[in-house]
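Let me begin by presenting the structure, written as structure tokens, before commenting on it.
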Amino acid sequence: MPAVIHAVVAAGHIPWDQAQALWQQAQAKNTSVIAALIDSGAVTANALAQTLAKAFATPFFDLGTLDRSTLPQGLLDESICLHHQLIVLGKKNKRLRIATADPSNKEAAEALKRLAPLDFEWVVVEFDRLRQWLASKPVPDNAATASARNTLNFESLSEQALATQDTPVVHFLEKLLDHAVQLRASDVHLEPYEKSLRVRFRVDGVLREVATPPLHIKENLASRIKVLARIDIAEKRIPQDGAMKFSLPNGSAIDCRVNSLPTLFGEKIVIRILNSNHVRMGMDALGYEDDDKARLLAAIGRPFGMILATGPTGSGKTVSLYACLDRLNQASVNIITVENPSEIHFSGINQVNVNEKAGLTFATALRSFLRQDPDIIMVGEIRDVETADIAVKAALTGHLLLSTLHTNDAPSTVTRLRHMGVASFHIASSVTLITAQRLVRRLCEHCKVPARISPKSLRETGFLDSDLDSSWQPYQAVGCAQCHKGYTGRMGIFQVMPISEAIQQIILRDGSAIEIAHQAQQEGVRSLRRAGLLKVKRGLTSIEEVLAVTNE
């Protein structure tokens, strides 16, 4: 529910049920909630503006006192103002003062952060006066309107300039990647279609469209990226992989992994942004509970054994393992990793990339590692029985080995290893701890609001009767200028299962994953759902997020 609705209800203008109905009406008509509130007569434009100014600690301004001739010209494209319903009132202390009827409009705020030549501050005005004011302005042509919808600025370059010069494409790519880093995007998608070129960022696990640049630059843009990534620019028939380093305006550099894929209308390119800073956050920032962290630290403190991190692609397994390696990385130990490819470059650790064309697979690299006098080995992923067999032997012969598997939870990892051909007695004697993990989005601290959920629904979600007391309350996402749809950033939820003697006995007699899960629960191991609900109780995430990433 938009923050505007909550502000209006909190001010006592309308009841919650009527607010919900108006919001649904606005969605059905594809109009703003501000317009729905005013046009329905539920609240006057002046009362709404005064309420929002107070709720968002933003100055109120009466447009009726403004002389149009005194307004500055050229500070912001008029098509942007029309698209987002804004008026540039002036400039104060190197900041633009911009009038809006909705200070919670995060889409407009994000666009201004990218497009405005200066920082800005909101001023709240009455919606009816704003609408009348903008209606009296000349309407830009379709090309300008389309440009306003792009969230990246082409700096008024003409299409002819984009087509004939290399510099605009270079400049656009630099701004694109810089903006991706600012938004903490993990991936940049450039997607050519028959009549358009779309750019999307994956932020906090969710894709969002950020730009639709001119279609005719797709070839030059793809070639520029492939040159930087040392990919064959003449080859457009097969997928290709590459890597590049991108320098930020602040002088730092970000490593990127690039993949090109031939599609019907050109090459789709995905740029994975590899940020080593995530590892430096430490285990506490990743989301481990205190007892889970203690179990994991005890396991990595042993001189030998196998530790497995499980979960789907993109669940943060590699970051978790590197957080462990960061703690173990000392001059007195020899650490070697093999990945496909290495996403996080780490000083003091010997990292090897798989090269299957040259015959360097996980298994051959791991076999070679054993002749390199290692103390700690990390294998990016155990994919086949050969790799699993060598990994088990390494863990049994005095090496600490960390790796990943794609399984739903910790107990089912044992079944997965059996299906790969690893003997039960090898699993029981080599594996010391298994973790399963997912990533959930963090609720925005600026706009989250209490959620009204019945005790019955909370029980169905997985809460116990002992959880249902007055010491906490669930929260739900709203959305504001500080976040994206009510969330900002992500954290992990973890199931950390040590292989105890009792679990070893279940494995040795080929017990099922259900038996292992039951025994682990008796030993205090939380399921992923329970781990997520702990985050809900602390107000860190929403029930919807936990339900979306966990199965019971």
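The values are calculated or read from the model by the stated rules, or taken from the named source; none is laboratory data. Everything numeric here is computed off the predicted structure, so don't read it as measured data. Ideal geometry is used to build each Cβ from the backbone, glycine not excepted, and the neighbour counts take in all protein chains shown. Heads up: the accessible areas ignore ligands, DNA and RNA and are worked out on the full protein's heavy atoms, side chains in. Shrake-Rupley method; radii C 1.70, N 1.55, O 1.52, S 1.80 Å.
The table below lists the values:
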{"read-out": "Cα-based helix-to-principal-axis angle, 513-522 vs the chain, degrees rounded to 10", "value": "80"}
{"read-out": "Computed [θ] at 222 nm, deg cm²/dmol, the chain (DSSP H ≥ 4; -39,500 (n - 2.57); rounded to nearest 500)", "value": "-11000 deg cm²/dmol"}
{"read-out": "Low-density loop cleavage sites - trypsin sites (Lys or Arg not before Pro) in region 458-545, where at most 13 other Cβ are within 10 Å (DSSP)", "value": "Arg509, Arg538"}
{"read-out": "Rounded tilt (10° steps) of 528-537 against the dominant C-alpha axis of the chain", "value": "40"}
{"read-out": "Unit Cα scatterers, Debye sum, region 300-397: log10 I(q)/I(0) for q = 0.22 Å⁻¹", "value": "-1.34"}
{"read-out": "Surface/4 of the Cα convex hull for region 1-84, nm²", "value": "6.6"}
{"read-out": "Convex hull projection area averaged over all views, the chain, Cα basis, nm²", "value": "29.6"}
{"read-out": "Estimated FRET transfer efficiency (Arg302, Arg131; beta-carbon r; R0 56 Å; 0.05)", "value": "0.25"}
{"read-out": "Distance violations [Cα-Cα > 25 Å] among Lys195/Lys226; Lys218/Lys485; Lys94/Lys485", "value": "Lys218/Lys485; Lys94/Lys485"}
{"read-out": "Principal axis dimensions, region 21-62 - Cα atoms, whole angstrom, descending", "value": "31, 17, 15"}
{"read-out": "In degrees, nearest ten, helix 290-300 long axis to first principal axis of the chain (Cα)", "value": "40"}
{"read-out": "In Å, descending, principal axis extents of the Cα set of region 181-245", "value": "33, 30, 18"}
{"read-out": "Relative contact order, percent, region 382-505 [alpha-carbon distance under 8 Å, six or more residues apart]", "value": "31"}
{"read-out": "FRET E, pair Asp284, Tyr193, Förster distance 30 Å, beta-carbon r, rounded to 0.05", "value": "0.10"}
{"read-out": "For region 321-366, convex hull volume per residue from C-alpha positions, Å³", "value": "75"}
{"read-out": "Percentage of interatomic Cα-Cα distances in region 190-307 larger than 17 Å", "value": "68"}
{"read-out": "Equivalent ellipsoid semi-axes - Cα gyration tensor, region 352-467, angstrom", "value": "40, 19, 13"}
{"read-out": "Coil-residue GluC sites (Glu not before Pro) of region 210-316, DSSP, other Cβ within 10 Å capped at 14", "value": "Glu235"}
{"read-out": "In Å², nearest 10: area of Trp23 left accessible to a 1.4 Å probe", "value": "60"}
{"read-out": "Ellipsoid equivalent to region 403-552 - semi-axes via the Cα gyration tensor, in Å", "value": "35, 17, 11"}
{"read-out": "Cα extents of region 387-445 along the three principal axes, largest first (Å)", "value": "49, 24, 17"}
